[in-house]
Structure formats: C-alpha cells, structure tokens
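Have a look at the structure below before the remarks.
What follows is calculated from the coordinates using simple rules that are stated; it is not laboratory data. Just so it is clear, the model here is predicted, and its values are computed rather than measured. Positions of Cβ are backbone-derived with ideal geometry, glycine not excepted, and every protein chain shown enters the neighbour counts.
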Amino acid sequence: MKYNNIDFNNKTILITGGAGFIGSNLAFYFQENYPQANVIVFDKFRNDETFSNGNLKSFGHYKNLLGFKGIIISADINDKDALKNLETSYKFDFIFHQAAISDTTVAEQDVMLSTNVNAYEDLLKIAIKHSANMIYASSAATYGDSDRFEVGYEQPNNAYGFSKVMMDNITYKYLKQDCPISIVGLKYFNVYGQREFFKNSTASMVVQFGHQILKGLTPKLFEGSDKILRDFIYIEDIIQANILACSPSKSGVYNVGTGNARSFEDIVSILQKELNIDNGKNYIPNPFVGQYQFFTQANIKTTQEFLGYNPKYSLEDGIKKYISNIIDLYENEVKGK
Ligand SMILES: NC(=O)c1ccc[n+]([C@@H]2O[C@H](COP(=O)([O-])OP(=O)(O)OC[C@H]3O[C@@H](n4cnc5c(N)ncnc54)[C@H](O)[C@@H]3O)[C@@H](O)[C@H]2O)c1
C-alpha cells in the first residue's frame, strides 16, 4: 500500500528502534513496497537487564526482523560515539525515530529522560546536518490527566509522558528557528498488531486477551470495563501516518488514533467471536483506580488537515486482520512454554 507519491527507492532511511514493534513494521513496509530503499535499523536489542519494575530495559528482538534484508546496527542511542559513527557513515533522507523506553511504568527518571529526550535532540541534529526529514514517536501518554485529547492540552502524569512532552517542546523550539527540514511528532494512542508480542507484559491487551482465550482461560477484565474506553489503533494506520508525515503540509505534532474510543470489553467480545471460543468474562477489582486513564480518544482534525491522514481500521477490522498472527504466536511462542 502506497500512501503518497514519494518514491522511497534509493533513499537512505534510518529507523531507530527498528527491532521493536512499530520500527520493525516500518522496516518491512519499506522492504515490501520500495525494495530498493536502503534501510538502516539502529536498536539496542534486548539482553537480560531489567528496570526496577522487573521489565526488560529494551524490547528489541531479532525475531521481529526475521527476513529483513537491510542493515542492522546494535547500539544505544545514548552512546555519542555510536551516533557520530552513524552521522559520518551515512547520508540519510528520512529518519524515523522510534527508539525509546516505551514502558510507561519505568520509574528510573534519569535514564528515561536521557534516552527519550536528550538522544532525540542528538538525532535531530544529525537529521538537520543530513537534510533528512524527521518523523518521531510522541505519545498519547502526554495527555495523562487531561480530558482534552488535543495537541496543546497535555498533562503528563508519569516520567514517560513527561519525556514525550519534552520531545515535543524540543520540536517546537527547532521549528521556531526556521528549520531546514520537516519535523513531525506523532502522538500514537494505543497501538496493537503484528510484531508487538515481544513487548511481553507491555504488549497491547489485544494480544494478551487473545492468548488468555486460546489457553482456555476466562479473560480477566477490570470491573466496569465496559466504561473504560481507549482509542485503539491498528499498526497499519500507524504506518500510514508515518509515511504521510514524510511530506507534511505543516511540521508539528499530531495525534494518531482512530478518533473513536472503544472498551476493553469490546476487545474481548471481538476476540471471542473471531476465535470462536467463548469462556465468558471474569471481573476483578481495578487496583489502579485514581491513577488510571478511563477515557482516551484522539482528536485527529489537524492530522487529517495537515498530513492527509485517514484511519482505515475499526477495532473489528484490525483484530480480524491480526487474528491469524495471534493464533500463530500462540502455537509457536506461548503453548507449552
Ligand atoms: N505501542 C504503542 O502503543 C505506543 C504508543 C505511544 C507511543 N509509542 C512510542 O512509539 C515508539 C515505538 O514503540 P513500540 O511500541 O514499537 O515499542 P518497542 O519497545 O517495541 O520499541 C522500542 C525499541 O527501541 C529500542 N530501544 C530502547 N532503548 C534504546 C536505546 N537506548 N538505544 C537504542 N534502541 C533502544 C528497543 O530495543 C525497542 O526495540 C516508542 O517511542 C514509544 O514510546 C508507542
């Protein structure tokens, strides 16, 4: 699927975080649609190190890139020498900056901010030197306690959301200075789809509920789940937004969601229908009351206006497209382990 007239063949494209969920989908998007594109994946990849919350420090996994024909660089975006090497070895046309501590529950503020904020500015400087357009991942987590999901109304309530607001602020600062490249920040809402499985417990509830159902368990939902609503967005619409962001009619920061809030209850019902397995639903008290987002819904007016973005997947359509992969993962990665 081509979303605009840019011919990415023979372009040099950097994807930071390219061994993760969204980055690896971008890498395959280019490989499949523009086979002559020169794609460089820069990612820290996983080892067994964990943060204090017990989750892995980075989720990059080689299995997300099985079949990838481009170049991979295993390095840390906090490593100035590695970035210098990147700057002198290549001449990028586009930089898709997805690398980040993507786990919203990480408590280590120092590493969260150096990785997400400071390394972004370093990469932005490379983009400017190379005249490469920059497209980076911001997040709906920037809205936090806000009830208005519109750029300018951010109210982050954790270090992760704060880090993404600081990335947006860096963007505004550069854009004020007559920046020679386009810079687009994309505030993704709740993304689900192929290649998210290796995010472990931070993967979307779509795949997690799917595997609970396939195991024959009754999916566990928080009480009142029919009233906990989020904007769930399928990976192909995220790819669409990234590609459109390569030639924006205006640089800036944009929401990427469907514009429709749906419930966790809906996810389970759709999965049960698609899998043809119905073990009912189990309701447990919500331990996060008071620190939990009960509603998110992207206002996508400016994304439509300045990027030409038009989400194509309802929750039903996205899960339908994803379901065979959820089953394959269950057979190959979950069953018997
Ligand atoms: N998936 C979502 O729902 C969602 C929502 C909002 C924003 N985002 C943002 O989108 C981007 C991609 O998220 P994702 O869901 O693909 O997460 P992910 O964790 O699968 O991908 C992030 C990648 O960055 C790599 N990385 C982490 N620290 C690094 C470092 N110091 N140096 C180099 N690489 C490093 C990881 O190994 C991983 O492969 C992130 O910036 C994330 O914050 C994601």
In this structure, the FRET efficiency calculated for residue 157 and residue 302 from their beta-carbon separation, with R0 = 30 Å, to the nearest 0.05, is 0.80
Calculated from DSSP helices alone, with each H run of at least 4 adding -39500 (n - 2.57) and the total divided by the residues of the chain, [θ]222 nm to the nearest 500 comes to -10000 deg cm²/dmol
Taking the stretch 196-261, the whole-percent share of alpha-carbon pairs separated by over 20 angstrom is 48
One finds the C-alpha centres of the stretch 289-321 and the stretch 1-73 to be spaced, in Å, by 23
Loop-resident trypsin sites (Lys or Arg not before Pro) in the stretch 59-105 with no more than 13 other Cβ atoms inside 10 Å, DSSP not H/G/I/E/B, are 69, 91
Placing each pseudo-label 7 Å from Cα in the direction of the beta carbon, residue 129 and residue 74 end up separated by a distance in nanometres of 2.6
Taking GluC sites (Glu not before Pro) as exposed when in a DSSP loop with at most 13 other Cβ atoms inside 10 Å, the chain has its longest clean stretch at 50-222
Taking a label point 7 Å from the Cα of residue 249 along Cα-to-Cβ, the residues of the stretch 1-42 whose backbone nitrogen sits under 16 Å from it are 4-5
The relative contact order of the stretch 19-98, taking Cα pairs under 8 Å that sit 6 or more residues apart, comes to a percentage of 33
Over all pairs of different Cα atoms in the stretch 153-271, the reciprocal of the mean inverse distance gives a Kirkwood radius in Å of 16.5
per DSSP, antiparallel bridges as share of beta bridges in the chain, % nearest 5, sits at 10
With a Förster distance of 25 angstrom and the Cβ-Cβ distance between residue 321 and residue 286, calculated FRET efficiency to the nearest 0.05 equals 0.25
Of the stretch 134-161, those with amide N under 11 Å from the point 7 Å along the Cα→Cβ vector of residue 179 are 134-136
Simple spin-label estimate for residue 66/residue 215, 7 Å along Cα→Cβ, in nm, reads 2.2
